[in-house]
1. Would you mind classifying region 99-140 by shape? Square roots of the alpha carbon gyration tensor eigenvalues, ordered a ≥ b ≥ c; an a/c under 1.5 is rounded, otherwise it is prolate if a/b is larger than b/c and oblate if not.
2. If you place +1 on the Cβ of every Lys and Arg and -1 on the Cβ of every Asp and Glu, how big does the dipole about the Cα centre of the chain come out, in debye to the nearest 20?
3. Among rounded, prolate and oblate, which fits region 24-103 when a ≥ b ≥ c are the square roots of the eigenvalues of its C-alpha gyration tensor, a/c under 1.5 means rounded, and a/b larger than b/c means prolate?
4. For region 57-106, give the magnitude of the charge dipole about the Cα centre (Cβ charges: +1 Lys/Arg, -1 Asp/Glu; no others), in debye to the nearest 20.
5. Give the relative contact order (percent, whole number) for region 1-138; include only Cα pairs under 8 Å separated by 6+ residues.
6. Which percent of Cα-Cα pairs in the chain sits in each 10 Å bin, short to long?
7. Considering only Ile5, Pro149, Ser94, whose Cα is most displaced toward the positive end of the charge dipole of the chain, charges sitting on Cβ of Lys, Arg (+1) and Asp, Glu (-1)?
8. Would you kindly derive the ³J(HN,Hα) couplings of region 77-82 from the backbone phi angles with the Karplus curve 6.51 cos²θ - 1.76 cosθ + 1.60 (θ = phi - 60°), listing them in order in whole Hz, with x for Gly and Pro?
Amino acid sequence: MPKLILPKPGEHLVFAGSTGSGKTYLAESMLKYFESYFAIDTQDSLEIPGIRLTNPRNLKVMLPLFPRIHYVPKPEWIERDVFDYLFRTLLESSTKKRPKPRVIYTDEIYHVGYGVNFPPWLPKSITTARQRKLSFWTSSQRPAQIPIPIMSEATRMFVFMLNRDEDMKRVAGYARTDPKSLYVALREQQKDNSFIQIDLTLGTWEKFPPLKR
């Protein structure tokens, strides 16, 4: 049976799968092993320890004081410019000379915005994050909703049950050899509730049994 290895500081991850399939549960389980994280939760659905933050204006004050922050913005703060400020502040909280390891997890990236509406400071942050020991984790119901800058920098992708065949074909394309076998494994998830880890650097993949909750 394959062994799931915890990510290293600066390693970027992607979690994809339909609602209730287990992607958020896996991300929550991994976060608990890290001393410092900032979790963006626009739907207030995460179950993680940490100080609760609802107003982004308090971000600069709280970052140095609390290693674990659960950010649940009020509706009036769910705007592109606010998220842009958020990602810029998170990046500037850690420097190349004095890196501060922290996981920045965005649950359901769709609600933050993607494509032309994507906050400009997020892709800027991702490309320089590793030097500052910042790890960007992202979850989405559909792989197509994950912006290209995030996918291009991610090292691993965890895939749970997908509902659309087009999404399965998209994910199968990440396999360097024999993408057909990965496609078959993705289709089987409808029955066996497994999840799949894809190494986006090597193009290899492993299948894991259902998570125990």
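1. Oblate, because a/c is 1.5 or more while a/b does not exceed b/c.
2. Around 740 debye, computed over the chain.
3. Note, shape of region 24-103 comes out oblate.
4. 400 debye
5. 33 percent.
6. For the chain, the binned pair fractions read 8, 36, 37, 16, 3, 0 percent.
7. Ser94
8. In residue order, the calculated couplings are 9, 8, 9, 4, 5, 5 Hz.
Values in this text are rule-based calculations from the coordinates and carry no lab data. As the structure is a computational prediction, the values presented were derived from the model and not from experiment. FYI the Cβ positions are ideal-geometry reconstructions off the backbone, even for glycines, and counts take in every protein chain you see.
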